[in-house]
Amino acid sequence: MQDRIETSRLILRPFEPSDVEAAFGWFGDPVVMRFAPMGHDKRIEETKAKLRFFMEHQKTHGFSKWLILDRDSGTSPSCYHTNTPPCLGQREHNCTIEWHCWVRFFPMGKIKVVLWLTVAVFAISTTFQIGSAYIGNLELHEDLRDVAANISARIGLSAPPTNEDLRSFVIAKAQVHDITLLPEQVTVKVTGEGKTASIYMQVDYAARINLLVYSFPLHLRTSNAE
């Protein structure tokens, strides 16, 4: 079982009982532990309990929280996990100094708020665009039914409209609902003759949903028969 990792700059190893005082330096620091769910340690006994748990977990399961030591200076442990963010413009290896600097330049609370707001804006924008597309499609469906019914009622009283006339009429109706259609996206079929004639119209198109740096097509279809 591996219990030590060494690189050209660092030494990583499990906690030891002699690490208590150094660990209390950051476990007991309110700034360092500002975003820890349980907050900072008020007494060194709390840090001892943490280290005891880490050591027992390492012994039982073969892994746990480890320390990061500076190989050259041999200073006290820098932190208890491997992804400590570096302090901007600093070379200190002490975990407290690094965390103080990181919190000062990048307050984690503000970062979380910005991330949540960004996600919320994307969600609202996406929902609005998709909802608008479906509403427009529903309104176009109602228009197609009305147009087909009115034209069918007039067939026999005047010359029947051609398929191209009906297709152009559908495209014009779609534009009222901010739907842009191409002629090939409109299907028109007229069956029967005279007063028994019936008209079938269908549109098949894609509404573009835009998400700033990404967009995707939302495929929609409607007809006067649905």
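Some observations on this one:
- Spherically averaged projected area in nm², based on the convex hull that wraps the Cα atoms of the range 111-223: 7.7
- Label positions at VAL113 and HIS57, each projected 7 Å from the Cα along the C-beta direction, are separated by 3.1 nm.
- Amide H within-cut-off set for ILE209, under 5 Å, with H built and near neighbours excluded: PHE216, LEU218
- Gain in span if fully extended, SER18 to THR162, counting 0.36 nm per residue against the direct Cα distance: 42.6 nm
- The trypsin sites (Lys or Arg not before Pro) found in the range 1-42 that occupy coil by DSSP, while having at most 11 further C-beta atoms within 10 Å, are ARG4, ARG9, LYS42.
- Relative exposure of SER18, SER168, judged by other C-beta atoms within 10 Å (fewest first): SER18, SER168
- When peptides 121-129, 198-206 are ranked by their average number of other Cβ atoms within 10 Å per residue, the highest-first order is 198-206, 121-129.
Since every read-out is calculated from the coordinates, none of them should be taken as a lab result. Note that the structure is predicted; figures quoted are calculated from it, not measured. Every residue, glycine as well, gets a Cβ built from its backbone with ideal geometry; the counts of neighbours run over all protein chains shown.
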